[in-house]
Amino acid sequence: MTRVQDRAILPTDLAARMARLERQFGPFARQIHHHFEVGSTSDVLATLAREGAPHGTVVVADMQTAGRGRHGNSWFSPLGSGLYLSVLLRTVASPILTLAAGVAIAEALCAATGIETTLEWPNDVVVVHDRDVRKVAGILAEATSDVELGDRVILGVGVNLRDTAFPPELADRAGSVEGVSGRQVDATVVLGELLVALSSRCAQVEAGAKTELLARWESLAPMCHDTTVEWLVGDRRHCGVTEGVDEEGRLLVRVGAQKQRLSGGEVRRVRGHPIRR
Ligand code: BTN
């Protein structure tokens, strides 16, 4: 075995381990494409989707050279430290879908490793210790629609599994599952739990069970109540206090006497205790 393979995070018996979970995946993961190195798993999956790959197809890689994050950021994706995967959903995009994915990641990390994570709107997965908040996972949902191939959403998920030398701009806010739990984690176990949870939460969205899903999301996301947040509209900074999410998953924010609904963009917590209720 070469040194490079030693550091790979997914084992060579990935297929066998996934086959054992097959019945819990529902329509998910009937095709899993595992690569050692890609630019972005979401780009690889977009090509497969254009070629007709079915709903639930998964692309997972040991490393990415051009991993993408939200808001045009890159996603740090070195070999041996994270789980990088994308899942194809042949469905219409909705904000609820990204909230569902956040819930699925939080549940999967808890099932696979025992760690308790918190969600920050819309879908950062963080671990809070005292006042230190560390992002351990993120979701990038990219939607496309065309007449020939219909609606599709590529859900890209990045999980920091092992501590690594994060670039300076991430060093004060990125964390890893192993760093937080103090235990070694098996990437294949996390991947399996993630696909089981995503399958079940996405089915819930398709079945229209929004109320249950939003309630679960809110229970994992203390910052969506009584927390002072700020966000930018163009160059202007706005500030308000969170009051939950609406039925479409938009963040409700009280600004003076008015209530605003935020449907995207970056929201930064200014005050409020990020501890789970
Ligand atoms: C975020 O900015 O929080 C979202 C990060 C999403 C990263 C994942 S890693 C797998 C998939 N491929 C990508 O290029 N991005 C997503």
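Exactly one condition in (1) surrounded by 12 or more Cβ atoms within 10 Å (Cβ to Cβ); (2) modelled with pLDDT under 95; (3) not assigned by TED's automatic domain parsing to the domain that holds His55 is false for Gly234; which is it?
(1)
Do we find that Val270 is in a strand (DSSP E or B) and modelled with pLDDT of 95 or more in this structure?
Answer is no for this residue.
Residue under question is Glu51, and the condition is that it be over 19 Å from Ile9 (Cα atoms), among the acidic types (Asp, Glu) and in contact (Cβ under 8 Å) with a residue 60 or more places away in the chain; does it hold?
No.
Identify the single condition in (1) closer than 30 Å to Arg90 by Cβ; (2) touching a Leu at 6+ places or on another chain (Cβ under 7 Å) that Ser176 does not satisfy, given that it satisfies every other one.
Among (1) closer than 30 Å to Arg90 by Cβ; (2) touching a Leu at 6+ places or on another chain (Cβ under 7 Å), the lone unmet condition for Ser176 is (1).
Kindly provide the set of residues from the stretch 59-89 that are crowded, with 20+ Cβ neighbours inside 10 Å, within 19 Å of Val190 (Cβ to Cβ) and touching a helix residue (DSSP H, G or I) at 6+ places or on another chain (Cβ under 7 Å), ordered by number.
Across the stretch 59-89, the qualifying residues are Val59, Val60, Ala61, Gln64, Leu83, Tyr84, Leu85, Ser86, Val87.
Filter the stretch 110-156 down to the residues that are farther than 22 Å from Ser77 by Cβ and touching a Ser or Thr at 6+ places or on another chain (Cβ under 6 Å) and list them by number.
Residues satisfying the conditions are Val128, Asp151, Arg152.
A quick yes/no check of all residues on (1) touching a Pro at 6+ places or on another chain (Cβ under 8 Å); (2) surrounded by fewer than 14 Cβ atoms within 10 Å (Cβ to Cβ); (3) at pLDDT below 95:
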site	(1), (2), (3)
Trp121	no, no, yes
Val133	yes, no, yes
Arg152	no, no, no
Arg183	no, yes, yes
Arg201	no, no, no
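So which residues in the stretch 38-85 are modelled with pLDDT under 95 and near the ligand (Cβ under 8 Å from one of its atoms)?
Arg70, His71, Asn73
How do the strands (runs of 3 or more DSSP E) wholly within the stretch 201-266 filter down when requiring 3 or more residues that are closer than 19 Å to His71 by Cα: which remain?
225-233, 236-245
Considering only residues that are closer than 18 Å to Leu195 by Cβ and either without any contact (Cβ under 8 Å) to a residue 60 or more places away in the chain or basic (Lys, Arg) (or both), which ones fall in the stretch 109-135?
Cys110, Asn123, Val125
The values are calculated or read from the model by the stated rules, or taken from the named source; none is laboratory data. Please read all numbers here as calculations on a predicted model, not as lab measurements. Glycine gets a Cβ as well: all are built from the backbone with ideal geometry, and neighbour counts include every protein chain shown.
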